[in-house]
Amino acid sequence: MLGQLILSGIVAGSIYALVALAMSLTYKSSEVANFAQGEMAMFSTYIAFVMLASYQLPFWLAFIGSLVFAFFLGLFLHFGIIRRAKEPNVLNLLIITLGFQIFLYGLAGWKWGSEQRVLKLPISQTETVEIAGTTISQLNLATVIVALILMLLLFVLLKFTKLGLAIKATQQNETAAKINGIPTNRIVAITFGISSVIGAVAGIMLAPITTLDPNMMIEPMLKGFAAAVLGGFNSLVGVVAGAFLLGILENLFGFYVSTEFKSIVAFLIIVIVLYFKPSGLFGTHYVRKV
Amino acid sequence: MSAVLELKGVTKKFGGLVAVDDVSLDVQQGEIFSIIGPNGAGKSTLFNCINGLYRATEGSVWLNGEEITGAKPHIIAKKGLSRTFQNLELFSKMTTMENLMLGRHLYMKTNFWNLPSMLWRKGAAAKDETKHRQKVEEIIDLLDLQPERNRYTSHLPYGRQKIVELGRALATEPSVLLLDEPAAGLNHEEKEELIFWINDIKRLFDVTILIIEHNMQLVTAISDRIMALNFGKSMVIGSPDQVIKHPDVIKAYLG
C-alpha cells in the first residue's frame, strides 16, 4: 500500500514539479514570481482543446501547436507587458502578473464558458501498467515520463548550450551579462516563453485527470508555487525535489490521517519548513552586495 | 594614428543634475588614456555613456569610426569594447574559469541542434569549445589566476576578484578596454603587479586602454595622456606632467 501511495504522490508531484520549475525559472531571471503561470497554462491547454475538438487536428499536432502558442504567450507577457512598465519595482511587477492572470481567467471564461470540457489524450486512463507490485494508469505513467523528459531537456539546455549559459549569466548578474554581449532583455523574454511551455505541458497532462475548465490550474498552481518555496525558489533541483516531496507527503497524509485536510497539509508543511529554513530546503540564501 | 574612440560633446543629465558636461576626447590606437577627478566628478557616468549602460543626453560616441551613441551594451560589446567596474560585476556563483568562459560567449556557437556533435570529440562544437578554453588558459596564465581557476569568485579575496574581472574583459578580445578604478582596494604589491600587467596587456592584446583611477602614482606611471574631470567638465587633457602641474587640477584636488 505504501508503495502505491508513494507512486501516486510521484504522479501528483510531477505536475507540481513542472509548475514549480516554470515559476522558478522566470523568478530567477526577473525576480518576479509570475502568478499568471497557471492561467497561461490553462489558456494554452484550451488552445490544444480547440485544435483537437474544433479543427480535428491529430493529437501531436495540437500538442505542439499549443506549446508554440504557450511560448509566444510567454514572450508577449514579457515584451508586451512587463517590459512596458516604467521603472517598476518587484511589487509592481507582481501585480502586473496578477492582472494578467485575471485577464486570462476572464477571457477563458468568456470564450469557453465555465463548463467542464474533456480533453482527450491518445493515452488510456483506465488501462494500467504494473511496476514492482504497484499499478499505475497509462496516463499517469505518461505524465511522469513526460515530466522527467522535460526536466532532462531543461537540464541539457541550461548546462550545455549557449542559450543556457546566457540564461544563467543573466540570472546571476544582468549588468555583467550585458557587457559580455548577452542581450539580456531577449534572454529574459525567452525564459518567460520556456516557462510558459513547461506550464502548458503540465496543463495538457493534467486536463484529462481533472477536467478542462478555467479553474483547472488554480490548485496545481498554488501547490506548485508552494513546492517551489518548500524546495527553495532559486534552486531548480530544490524546486523539483520539493515538488515530489510535497506530492508524496500529501498523499500519505491523505491516506493515513485525513483526506479532508489533504490539501491543507501542503501549506502547513511549508509554514513549518520556512520557519526553520527561510530559503527553503535546498535553496541558498544569498544577499546581493551593494 | 587614428582615433579608436571618440567622444563629441557628451553630456549626461539626471533630471536637473548635469553629471557629465560637454566632454569631448579622442583616444588613439594603442594609447593608455586615464581619467582622473574627485569623487562625483562624473568619471564612471562617462564610462557608462561610452559602453551603453547609459544613453548620453547630448553628444555622440564613436568607436573605430562608427557611431555607437545609444546602442545597447551587448551590441557595443560585440563591436569590441569591454570594461570592468568599480564595484565588481562578477558572476559570483560561477568559478573563475566559468567567468572567463562567459567572456567568450560572443564567439560561442553551441546551440541545441549541434549538441550531438559535442559528444563526438572531433565534432564542430567540441572543437569550438577547445578553442575557447585555450584562449581562456592564455589569460589565466598571463594574470596568474591558476590557483583560483576552479574557485567560486565570491570566495576570492577582493584583489583577486578584480583580476578575474579584468581577465573576463580580456576574454572578449576587445579593441578598447575601459578599466574603472582597477587599483582601488589593492595592496601595494598588487598595485605594482597591476602596472606591469596593464603594460603587458596593451602590448600582447593590441588593445587601447582607458582607465579611471585615483592613485596618482599608477596613473602617471602608465598613462600616455590624462584627462582631469571636475563637476562633469573636462578641465584639461594632456601628458601626465602637464596635467599634474595644471593649476586647476591642483586646486580641485587640494581645494
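The values are calculated or read from the model by the stated rules, or taken from the named source; none is laboratory data. Only a predicted model underlies this, so the values are computations on that prediction, with no experimental measurement involved. All Cβ positions, even for glycine, are placed from backbone atoms using ideal geometry, and neighbour counts span all protein chains on display. We work out accessible area using only protein heavy atoms, side chains counted, and drop any ligands, DNA or RNA first. Shrake-Rupley method; radii C 1.70, N 1.55, O 1.52, S 1.80 Å.
One residue is enough: does the range B:221-229 have a residue meeting the conditions at pLDDT below 90 and either charged (D, E, K, R) or assigned to a helix (DSSP H, G or I) (or both)? Talk me through it step by step, then tell me what you get.
So in the range B:221-229, the residues at pLDDT below 90 come out as B:221.
With the extra rule that they be either charged (D, E, K, R) or assigned to a helix (DSSP H, G or I) (or both), the set shrinks to B:221.
Yes, that holds for at least one residue.
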What is the residue count in the range B:31-60 for residues that are out of contact with any helix residue (DSSP H, G or I) (no Cβ under 7 Å at 6 or more places or on another chain) and either in a loop (DSSP other than H, G, I, E, B) or among the charged types (D, E, K, R) (or both)? 9
What do you reckon, is residue B:237 assigned to a strand (DSSP E or B) and either out of contact with any Pro (no Cβ under 8 Å at 6 or more places or on another chain) or assigned by TED's automatic domain parsing to the domain that holds residue B:50 (or both)? yes
Condition met for residue A:175 (under 17 Å from the mean Cα position of the chain (by Cα) and either open to solvent by less than 30 Å² (accessible area, probe 1.4 Å) or without any contact (Cβ under 8 Å) to a residue 12 or more places away in the chain (or both)): no
Report yes if some residue within the range A:214-226 is among the aliphatic types (A, V, I, L, M), within 11 Å of the chain's Cα centre (by Cα) and open to solvent by 40 Å² or more (accessible area, probe 1.4 Å); otherwise report no. yes
Which numbered condition residue B:239 misses (of (1) in contact (Cβ under 8 Å) with a residue 24 or more places away in the chain; (2) open to solvent by 10 Å² or more (accessible area, probe 1.4 Å); (3) over 18 Å from the mean Cα position of the chain (by Cα)): (1)
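Residue by residue, here is whether (1) within 13 Å of chain A (Cβ to nearest Cβ); (2) over 16 Å from residue B:147 (Cβ atoms) holds:
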position	(1), (2)
B:162	no, no
B:168	yes, yes
B:179	yes, yes
B:182	no, yes
B:188	no, yes
B:191	no, yes
B:194	no, yes
B:200	no, yes
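So, in the range A:180-224, how many residues would count as being among the small types (Gly, Ala, Ser) and part of a loop (DSSP other than H, G, I, E, B)?
Let us first name the residues in the range A:180-224 that are among the small types (Gly, Ala, Ser), namely A:181, A:189, A:193, A:195-196, A:199-200, A:202-203, A:207, A:224.
Checking which are part of a loop (DSSP other than H, G, I, E, B) leaves us with A:181, A:207.
Qualifying residue count for the region: 2.
In the range B:44-65, which residues are small (Gly, Ala, Ser) and more than 14 Å from chain A (Cβ to nearest Cβ)? So that I can check it myself, show each step before the final result.
As a first pass, look at the range B:44-65 and keep what is small (Gly, Ala, Ser): B:44, B:52, B:56, B:59-60, B:65.
Across the range B:44-65, the qualifying residues are B:56, B:59, B:60, B:65.
Report the residue count in the range A:253-284 for those that are open to solvent by less than 40 Å² (accessible area, probe 1.4 Å) and either farther than 25 Å from residue A:28 by Cβ or hydroxyl-bearing (Ser, Thr, Tyr) (or both).
Step one: filter the range A:253-284 for residues open to solvent by less than 40 Å² (accessible area, probe 1.4 Å), giving A:254, A:258, A:265-266, A:269-270, A:273, A:279-280, A:283.
Narrowing further to those that are either farther than 25 Å from residue A:28 by Cβ or hydroxyl-bearing (Ser, Thr, Tyr) (or both): A:254, A:258, A:265, A:279.
Total satisfying the criteria: 4.
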Mind checking whether some residue in the range A:265-287 is modelled with pLDDT of 90 or more and over 28 Å from residue A:64 (Cα atoms)? no
In the range A:154-182, what count of residues is obtained for those that are of a type in the set (A, V, I, L, M) and more than 9 Å from chain B (Cβ to nearest Cβ)? 3
It is to be established whether one or more residues within the range B:126-137 are aliphatic (A, V, I, L, M) and at pLDDT below 90. yes
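State whether one or more residues within the range A:125-142 are within 14 Å of another protein chain (Cβ to nearest Cβ) and either in a helix (DSSP H, G or I) or buried (at least 17 other Cβ atoms within 10 Å of the Cβ) (or both). Reasoning before the result, please.
Of the residues in the range A:125-142, the ones within 14 Å of another protein chain (Cβ to nearest Cβ) are none.
No, the conditions are met nowhere in the range A:125-142.
Return yes when residue A:53 is open to solvent by less than 70 Å² (accessible area, probe 1.4 Å) and touching a helix residue (DSSP H, G or I) at 6+ places or on another chain (Cβ under 8 Å) and no when it is not. Outline the logic, then answer.
On the way: open to solvent by less than 70 Å² (accessible area, probe 1.4 Å): yes; touching a helix residue (DSSP H, G or I) at 6+ places or on another chain (Cβ under 8 Å): no.
When the stated conditions are applied, residue A:53 does not pass them.
Per-residue answers, yes or no, for (1) acidic (Asp, Glu); (2) without any contact (Cβ under 8 Å) to a residue 12 or more places away in the chain; (3) surrounded by fewer than 20 Cβ atoms within 10 Å (Cβ to Cβ):
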residue: A:160; (1), (2), (3): no, yes, yes
residue: A:169; (1), (2), (3): no, no, no
residue: A:185; (1), (2), (3): no, no, yes
residue: A:192; (1), (2), (3): no, no, no
residue: A:207; (1), (2), (3): no, no, no
residue: A:236; (1), (2), (3): no, no, no
residue: A:249; (1), (2), (3): no, no, yes
As an exercise: evaluate residue B:170 against (1) at pLDDT 90 or above; (2) among the aliphatic types (A, V, I, L, M); (3) in a strand (DSSP E or B) and give the number of the one condition it does not meet. (3)
Being at pLDDT 90 or above, crowded, with 20+ Cβ neighbours inside 10 Å and more than 20 Å from the chain's Cα centre (by Cα) is the requirement here; does residue B:148 meet it? yes
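So that you can scan it fast, the table gives a plain yes or no per residue for (1) under 29 Å from residue B:249 (Cβ atoms); (2) within 8 Å of chain A (Cβ to nearest Cβ); (3) surrounded by fewer than 22 Cβ atoms within 10 Å (Cβ to Cβ); (4) touching a Phe, Trp or Tyr at 6+ places or on another chain (Cβ under 9 Å):
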site	(1), (2), (3), (4)
B:73	no, yes, no, no
B:81	yes, no, no, no
B:93	no, yes, yes, yes
B:103	no, yes, no, no
B:108	no, yes, yes, no
Test of understanding: among A:47, A:95, A:81, which residue is surrounded by fewer than 16 Cβ atoms within 10 Å (Cβ to Cβ), over 21 Å from residue A:223 (Cβ atoms) and of a type in the set (Val, Ile, Thr)? A:95
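Tell me which residues, restricted to the range B:6-63, are small (Gly, Ala, Ser) and crowded, with 16+ Cβ neighbours inside 10 Å. Walk me through how you get there before you give the answer.
From the range B:6-63, those small (Gly, Ala, Ser) are B:9, B:15-16, B:19, B:24, B:30, B:34, B:37, B:40-42, B:44, B:52, B:56, B:59-60; that's our starting set.
Answer for the range B:6-63, where residues must be small (Gly, Ala, Ser) and crowded, with 16+ Cβ neighbours inside 10 Å: B:19, B:34, B:37, B:41, B:42, B:44, B:52, B:56, B:59.
Does residue A:241 count as crowded, with 19+ Cβ neighbours inside 10 Å and in contact (Cβ under 8 Å) with a residue 60 or more places away in the chain?
Details: crowded, with 19+ Cβ neighbours inside 10 Å: yes; in contact (Cβ under 8 Å) with a residue 60 or more places away in the chain: no.
Spelling it out, it is not the case that residue A:241 is crowded, with 19+ Cβ neighbours inside 10 Å and in contact (Cβ under 8 Å) with a residue 60 or more places away in the chain.
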Quick one: residue B:113 ticks every box in (1) away from every other protein chain (no Cβ under 11 Å); (2) in a helix (DSSP H, G or I); (3) modelled with pLDDT under 80 except a single one, so which number is it? (1)
